[in-house]
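Participant: Attaching a single structure in structure tokens format; questions to follow.
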Amino acid sequence: MAGSSESKKLRWLYYYNVLSDRSDVLTMREFDGANEHAINTVATGFDATLSPSGKYMYSIGRVGESYQLQRVKMILN
């Protein structure tokens, strides 16, 4: 339905960051909405997680009819 928005449960990534997969883009931001970062394209509806060291973020992507595990190296400044 055009113009409608679907309400989704807020997904927390550790204590201070939330994740969104709206429009097939994995976005991470702080709990207050600050410091938004688009990480990569993803298949909507799958979880994403950081490695225990926080060095990599893992997510599920879609290529045609197939799914793939994706890994992004997190670089903190």
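Readers should treat all values here as calculations from the given coordinates under stated rules, not as data from a laboratory. Predicted model only: the values in this text are computed from it and were never measured. Because the Cβ atoms are built from the backbone with ideal geometry, glycine has one as well, and the counts that use them run over all protein chains shown.
Participant: Over all directions, how big on average is the projection of the convex hull of the alpha-carbon atoms in the range 11-73, in square nanometres?
Facilitator: The number I arrive at for the range 11-73 is 4.2 nm².
Participant: To continue, here is another question. When the Karplus curve 6.51 cos²θ - 1.76 cosθ + 1.60 is applied with θ = phi - 60°, which whole-Hz ³J(HN,Hα) does each residue of the range 30-40 get, with x for Gly and Pro?
Facilitator: Calculated HN-Hα couplings, in order: 6, 4, 8, x, 7, 6, 6, 9, 7, 8, 6 Hz.
Participant: Please state the charge dipole magnitude for the range 11-73, taken about the Cα centre, from unit charges on C-beta atoms (+1 on K and R, -1 on D and E), reported in debye and rounded to the nearest 20.
Facilitator: Roughly 220 debye, rounded to the nearest 20.
Participant: Note down the nm distance, to one decimal, between modelled labels 7 Å out along Cα→Cβ at TYR15 and at HIS37.
Facilitator: Label at TYR15, label at HIS37, 1.8 nm between them.
Participant: Check which residues have an amide H placed less than 5 Å from MET74's amide H, if you skip close sequence neighbours.
Facilitator: TYR56, MET57
Participant: Please turn the phi angles of the range 45-58 into ³J(HN,Hα) values with the Karplus equation 6.51 cos²θ - 1.76 cosθ + 1.60 (θ = phi - 60°), one per residue in order, whole Hz, x for glycine and proline.
Facilitator: x, 9, 6, 10, 8, 8, 5, x, 7, x, 7, 10, 10, 10
Participant: Beta carbons within 10 angstrom, averaged per residue: use that to sort the peptides 20-30, 59-69, highest first.
Facilitator: With the highest mean Cβ count within 10 Å placed first, the list reads 20-30, 59-69.
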